[in-house]
Amino acid sequence: MLTFVETKKKHIKELTRIYNYYIEHSTSTFHKEKFNKKQFKRLVYFDDILYGTFTIFFEDKIIGYCMISPFNFREAYRATVFVAVYLKEEFTGKGYGEKALQFLEKRALGLPIRSLLALICLENEGSVKLFEKCGYNRVGVIKKAGVKFNRLLDVVYYQKVIRPNFL
């Protein structure tokens, strides 16, 4: 059974390991150097009304995390947020990412949020397929936005508007 729990400090060690895998082996993040627990903790939102990080459990084991984070800190953008999902490699491609996005969307519907965004490296076909399957629309590409593994990489924005007329 899949469950989502607000991330606690006791989860940070395992979540840091998960994130470091993506730093070292993928273009899912453009961080280049592994994080320690203290650095990773700065990425996590604890006890925030609007933003949050959620540890994903399958049965009693941590398999990943998902989060809602700020798109921009200017108050006019507050109803637009980023969403992200990171799963242990062996749990990708099994529908857990879709369930995580559904969880985040349901949570966002209970908050003053209008629009969900994802920023994805264009070469990450799995993430692109996931967000498209979940109803996100491709709204923009930034060419050669970052460098990782000595390559210039494009990123693409995906958006899902959950409340079109919300002010």
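No value in this document is a laboratory result; all are computed from the given coordinates. Everything quoted here is computed from the prediction, not taken from an experiment. For neighbour counting, all protein chains shown are included, and Cβ atoms are generated from backbone atoms with ideal geometry for every residue, glycine included.
Could you work out the relative contact order of region 2-161? I mean the mean sequence separation of Cα pairs under 8 Å and 6+ apart, divided by the number of residues, in percent. Don't skip to the end; give the middle numbers.
Numbers: 266 pairs, mean separation 29.6, N = 160.
Normalised by residue count, the contact order of region 2-161 is 18 percent.
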All aspartates and glutamates inside 19 Å of LYS106 as judged from Cα atoms, apart from same-chain residues fewer than 8 positions distant: GLU6, ASP47, ASP48, GLU98, GLU132
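Could you give the DSSP H helices of the chain that reach 24 angstrom or more along their long axis (alpha carbon positions) and whose average Kyte-Doolittle hydropathy is no lower than 0.0? Could you put the intermediate results ahead of the total?
Working: long enough: none.
Span-like helices, by this rule, are absent here.
What translational D, rounded to a whole number of µm²/s, comes out for region 22-81 from Stokes-Einstein when the hydrodynamic radius is the Kirkwood one over Cα pairs, at 25 °C and 0.890 mPa s? Before the final figure, lay out the partial values.
On the way: Rh = 13.6 Å.
Diffusion coefficient, whole number: 181 µm²/s.
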Over 12 Å apart: what share of the alpha carbon pairs of region 69-122 falls there, rounded to a whole percent? 68
Using a simple spin-label model with points 7 Å from Cα along the Cα→Cβ vector, what separation in nm is obtained for LYS106 and ASN36? 3.8
The chain - mean residue ellipticity at 222 nm from DSSP helices (-39,500 (n - 2.57) per run, n ≥ 4, rounded to 500): -7500 deg cm²/dmol
Could you work out how far the C-alpha centroid of region 8-25 sits from that of region 88-154, in angstrom? 18
Would you mind telling me which residue in GLU132, GLU123, GLU33 has the biggest mean-square fluctuation in a Gaussian network model of the chain, where springs connect alpha carbons within a distance under 10 angstrom? GLU33
Here are labelled values, [x] 81, 30, 28; [y] 55, 34, 24; [z] 40, 37, 31, and one is the computed Cα extents along the principal axes in Å for what I pasted. Which one? [z]
Taking only the alpha-carbon positions of region 1-42 as identical scatterers, the Debye log10 I(q)/I(0) at q = 0.14, 0.24 Å⁻¹ comes out as -0.35, -0.83
